[in-house]
Amino acid sequence: MLTVSDISARISKGHVQLSYLEHQHPVWSRLANWLLETIRQEAGNKLSTISATLEDCRFPVPDQKIYAALCKILLDACTFSESKTDDLPLLREKVFTLATQERKKGNLPTEAETRTRIFNTAFNELQLDCDTGEDLLYADLETERKLLKGPNWNPERFLQRYNIGLAQAVMLQAKKVKLQLPGATPQIKIRQLVRWLNFRRLLFTATKNNEGDWNFELDGPLSLFRSTTKYGLQLALLLPAVLLQKEFELEAELTWGKKNTRAFLHISSNDGLVSHLDDEGIYKPPEHIALMDHFKKKVRNLDISDEIGDMESITGLMVPDFIIKDSKTGKTIGVEILWAWNQETLTKKTEQLSKSKEFPYILAIHEKGNLGETKILEETTRNIIWFKSSPQVKQLADLATTLMSCI
């Protein structure tokens with residue numbers, strides 16, 4: 001992913017101004033096409049070789065920083081080999097031992113003849129052919145990984161990815177992000193967004209204003225007690241999911257530059273940014289699918305579903321990931337998995353749990369998901385369960401049964 005150092009941005013009246021590339025720009029389209037063709041021809045080559053080829057562009061480059069950013073985006077989208085390094089420590093130890101022996105004989109290990117003798121001896125003793133041995137010696141270096149395949153893009157899609165990359169680089173500096181969707185937004189699109197928010201482990205609040213518009217407020221990495229690069233990356237990776245919304249307004253409050261100046265980034269559905277994600281309805285994280293499959297195999301008389309239709313009855317932060325239903329009585333329990341949280345988020349959610357008597361609710365909280373201070377809830381309620389890696393099916397089923405008996 002691009003970072004602020006990879007892009008050119010300017011501040012005007014407290015707002016970050018980005019220069020997006022036109023999707024059909026003649027010069028950049030030609031360069032994008034050349035880069036894509038070059039990557040296709042470089043399959044099987046090492047990253048070091050490919051990088052040298054990309055640096056030696058045969059076309060005039062109007063802006064070296066933009067070109068370098070395009071190269072970075074392209075290489076990030078490529079699939080490279082994962083070298084097996086199990087035998088690497090043994091091989092290097094053998095090479096160093098042989099090199100020491102050569103020095104004692106008065107030979108310089110850096111001399112071509114001596115170097116070849118050392119390597120061949122080490123390879124033979126470990127029963128490696130020369131090509132395999134040479135590859136293994138440097139297998140842990142990023143530059144030695146081999147290209148398996150490049151992305152299946154056309155030039156227009158490539159430039160669209162660059163434009164998204166510009167905005168994502170700025171969002172890495174966010175302190176807070178506000179996102180507004182029209183009240184007329186279909187419920188399935190709201191659910192889609194919430195799924196992505198939860199999948200990215202982001203802290204957020206969700207409310208409706210007097211006009212009926214949806215307001216999402218997201219904590220940024222620079223607002224956390226433990227500011228993490230990982231959290232900032234997840235926030236930036238949310239942007240393609242936001243772009244799936246037909247209408248939206250996004251404003252990111254930033255801490256910008258060496259002087260930590262307060263600035264803002266504004267993105268809307270009118271900016272022409274195009275998501276590379278497929279709009280296939282509600283996103284289903286793999287861990288959600290696995291949990292439902294496991295639940296259905298282990299639990300009788302209770303059904304679990306991630307199809308949540310009635311958004312209007314759910315207020316504030318309470319947006320369930322699942323509904324557990326008693327197949328005999330028809331009683332239902334909402335279940336939300338909280339992968340990331342801080343004290344403020346947790347307090348608000350428990351307050352809403354205590355107020356929402358008409359909609360029984362289970363909150364499953366990841367024990368290691370605290371992104372704030374180390375303090376946790378002083379008091380818990382029976383609606384809460386804690387988990388270490390994934391919610392336990394039996395614990396969910398038992399608590400759901402208990403809550404249903406009180407309805």
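A few notes on this one:
- When the helices of the chain are scored as -39500 (n - 2.57) per DSSP H run of n ≥ 4 and the total is divided over every residue, the value at 222 nm lands at -12000 deg cm²/dmol.
- Within the accessible area of the stretch 1-73 (1.4 Å probe), percent carbon and sulfur: 48 percent
- By DSSP, the beta bridges lying fully in the chain are antiparallel in about 80 percent of cases.
- Heavy-atom surface of the chain, accessible at 1.4 Å and reported per residue (Å²): 54 Å²
- Rounded tilt (10° steps) of 393-404 against the dominant C-alpha axis of the chain: 20 degrees
- Here the stretch 127-212 has 47 percent of its accessible surface on carbon and sulfur atoms, given a 1.4 Å probe and all protein chains in place.
- When every Cα-Cα distance of the chain is counted in 20 angstrom steps from zero, the calculated P(r) takes the values 21, 43, 29, 7, 0 percent.
- Heavy atoms of VAL27 accessible to a 1.4 Å probe, total area in Å² rounded to 10: 50 Å²
- Computed E for GLN101/ALA68 - FRET, C-beta separation, R0 45 angstrom, nearest 0.05: 0.50
- Once backbone amide H atoms are built at 1.01 Å from N, TRP386 has ILE365 as its partners under 5 Å, excluding neighbours fewer than 5 places away on the same chain.
- The modelled label-to-label distance for the pair ARG30/ARG157, using points 7 Å beyond Cα in the direction of Cβ, is 2.4 nm.
- Degrees, to the nearest 10: 26-41 long Cα axis against longest axis of the chain: 70 degrees
- Lysines whose Cα lies under 22 Å from that of LYS146, excluding same-chain neighbours fewer than 8 positions away: LYS46, LYS72, LYS84
- Mean separation of Cα contacts under 8 Å, 6 or more apart, over the residue count of the chain: relative contact order %: 15 percent
- For the chain, the longest principal axis of the C-alpha atoms and the axis of helix 343-355 are separated by about 30°.
- Positive dipole terminus of the chain, leading residue within GLN343, THR261, LEU181 (C-beta point charges): GLN343
- These residues, HIS294, HIS366, HIS25, HIS288, go from largest to smallest accessible area, 1.4 Å probe, as HIS294, HIS25, HIS366, HIS288.
- Per-residue Karplus couplings for the stretch 178-191, computed as 6.51 cos²θ - 1.76 cosθ + 1.60 with θ equal to phi - 60°, are listed in order as 10, 10, 10, 10, x, x, 7, 4, x, 4, 5, 6, 5, 4 Hz, Gly and Pro entered as x.
The values are calculated or read from the model by the stated rules, or taken from the named source; none is laboratory data. What you see is a predicted model; the values in this text were computed from it and never measured. Neighbour counts are summed over all protein chains in view; Cβ atoms, including those assigned to glycine, are modelled from backbone coordinates with ideal geometry. Accessible surface is based on the protein model in full, side chains and every heavy atom, while ligands, DNA and RNA are left aside. Shrake-Rupley method; radii C 1.70, N 1.55, O 1.52, S 1.80 Å.
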